[in-house]
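*Asks:* Below is one structure. I have some questions about it.
Every number in this text was worked out from the coordinates using simple rules, so none of it is lab data. Since the structure is predicted, the reported quantities are computational estimates derived from the model, not experimental observations. Cβ coordinates were reconstructed from backbone atoms using ideal geometry, including for glycine residues, and neighbour counts include every protein chain displayed.
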Amino acid sequence: MKIAVLFDGAGLARLGLELAGHDCTGYELDPNKHYLSKMVGSGNCILADATKVDLSNYSAIWASPPCQWLSSARTQGNPKSDFAINYLDWCLKLSHSILWVENIVQLKTEANFWGKVYNAAQFANLQNRNRIIGGRYRIPRLLKSYKKIYSDLCPCITATEYKGCASDKRRASRWYGRRLTLDECAYHQGFKVPRKWLLPPKNWFDSDIKWEYQLYEAIGNGVPVYMTQKFGEEYS
Ligand SMILES: C[S@@+](CC[C@H](N)C(=O)[O-])C[C@H]1O[C@@H](n2cnc3c(N)ncnc32)[C@H](O)[C@@H]1O
């Protein structure tokens, strides 16, 4: 099946869908994340604004939008302005008969009714990671029934895992009692760091450590590969 993976990031969601046998194309706006995604799976991804792409040739869409506001009129200011629309709303309005829209769980319960909450631990015994997936899709077979927290597993791998185990109990490194390596973060997200990721792009003029932060961010913001694979396998 031809799937467009919107907000492709470093390609983790796309990799899972490819492992399920699908022909995927990722669309990502950030050149650094796109650089990484080119080295993941088929590397089939395009540097583009996902909201401006012609999606008519795709049978299905996977969208993991950032939790920010999208505005065609301006990029700053009051997000509730008439000029601003929400990435999430935009994704949920896509008319494809197979549609997965993935996002974080909000504190206010009523803000979460647009989809079903899953914990990544229902797909593989690796981490607690609660996310909502809405749209139109077949419910995948799960290892276990939903629980917000499985006490034998670490919390979510975050985008700032490089900070180590400060005081935030929701951080995986706090649970392990030490800073996690990039490889360990990737392991919990269900893939191996491509060695070429360690080399920044030619136009990277910042420090090596800042590049490493980019990698942590790309991994922590990604969708666990084993999750999208299971959703994709329902159509394999
Ligand atoms: C939650 S991350 C996606 C993670 C990705 N699906 C993965 O599994 O690795 C959201 C991504 O959307 C990207 N993004 C933000 N606005 C975008 C736009 N208009 N078009 C394409 N990508 C965009 C961000 O740069 C970020 O990498």
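*Asks:* Can you give me the Cα centroid spacing of region 16-55 and region 158-191 in angstrom?
*Replies:* 25
*Asks:* Would you please give the residues with an amide H less than 5 Å from that of Arg129, counting only those at least 5 places away or on a separate chain, with H modeled from the backbone geometry?
*Replies:* The answer is Ala120, Ala121.
*Asks:* While we're here: For Arg136 and Lys210 in one chain, what is 0.36 nm times their gap in residues minus the Cα-Cα distance, to one decimal in nm?
*Replies:* Contour length minus Cα-Cα distance gives 22.8 nm.
*Asks:* Would you mind checking which residues have amide H under 5 Å from Lys116's amide H? H placed 1.01 Å from N; only 5 or more apart, or other chain.
*Replies:* Amide H neighbours of Lys116: Ile133, Gly134.
*Asks:* Can you give the % of DSSP beta bridges in the chain that are antiparallel, to the nearest 5?
*Replies:* Within the chain, antiparallel bridges account for around 45 percent of the total.
*Asks:* Can you give the relative contact order of region 2-233 as a percent, counting alpha carbon pairs under 8 Å and 6+ residues apart?
*Replies:* Contact order relative to length: 21 percent.
*Asks:* Could I ask something else about it? Can you give the convex hull volume of the alpha carbon atoms of the chain per residue, in Å³?
*Replies:* Details: hull volume 33.2 nm³, N = 236.
Taking only Cα atoms, the chain has a hull volume of 141 Å³ per residue.
*Asks:* Report the charge-dipole magnitude of the chain in Debye, nearest 20, computed about the Cα centre from +1 at each Lys and Arg Cβ and -1 at each Asp and Glu Cβ.
*Replies:* Here the chain has a charge dipole of around 620 debye.
*Asks:* Treating region 1-45 as a set of equal point scatterers at the Cα positions, no solvent, please give the Debye-formula log₁₀ I(q)/I(0) at q = 0.18, 0.21, 0.24, 0.30 Å⁻¹.
*Replies:* Scattering profile of region 1-45, log10 relative to I(0): -0.38, -0.52, -0.67, -1.02.
*Asks:* Before rounding to the nearest 500, sum -39500 (n - 2.57) across all DSSP H runs of length at least 4 in the chain and divide by the residue total; then give [θ] at 222 nm in deg cm²/dmol.
*Replies:* -6500 deg cm²/dmol
*Asks:* Based on the mean of other Cβ atoms within 10 Å per residue, sort peptides 16-23, 204-211 so the most packed one is first.
*Replies:* Peptide ranking by packing, descending: 16-23, 204-211.
*Asks:* Related question: Near Lys144, which lysines are there with a Cα under 29 Å away, not counting those fewer than 8 places off in the same chain?
*Replies:* Lys108, Lys116, Lys169, Lys192, Lys230
*Asks:* Moving on to the next point. Would you mind counting up the charge near His96? Only other residues with Cβ under 12 Å from its Cβ, with Lys and Arg at +1 and Asp and Glu at -1.
*Replies:* Cβ neighbours under 12 Å give a net charge of +3.
*Asks:* Using the Cα centre of region 101-217 as the reference point, and only Cβ charges (+1 on K/R, -1 on D/E), how large is the resulting charge dipole? Debye, rounded to the nearest 20.
*Replies:* Details: 22 positive and 11 negative charges, 90 e Å.
It comes to approximately 440 debye.
*Asks:* Another question, if that's okay. Where does each of 31-44, 215-228, 149-162 land if you order them by average Cβ count within 10 Å, highest first? Before the final figure, lay out each step's value.
*Replies:* Details: 31-44: 19.4, 215-228: 23.9, 149-162: 17.4.
Ranked by mean Cβ neighbours within 10 Å, highest first: 215-228, 31-44, 149-162.
*Asks:* With +1 on the Cβ of every Lys and Arg and -1 on the Cβ of every Asp and Glu, and nothing else charged, how large is the dipole of region 166-236 about its Cα centre, in debye rounded to the nearest 20?
*Replies:* Roughly 220 debye, rounded to the nearest 20.
*Asks:* Moving on to the next point. Quickly rank 121-127, 175-181 as a protection proxy: mean count of other C-beta atoms within 10 Å, highest first.
*Replies:* The densest-packed peptide leads the list: 121-127, 175-181.
*Asks:* Sum up the charges of everything whose Cβ sits under 13 Å from the Cβ of Pro200, counting Lys and Arg as +1 and Asp and Glu as -1, but leave Pro200 out. Don't jump to the answer; show the numbers that get you there.
*Replies:* Values: positive: Lys33, Lys196, Lys202, Lys210; negative: Asp206, Asp208, Glu212.
Net charge around Pro200: +1.
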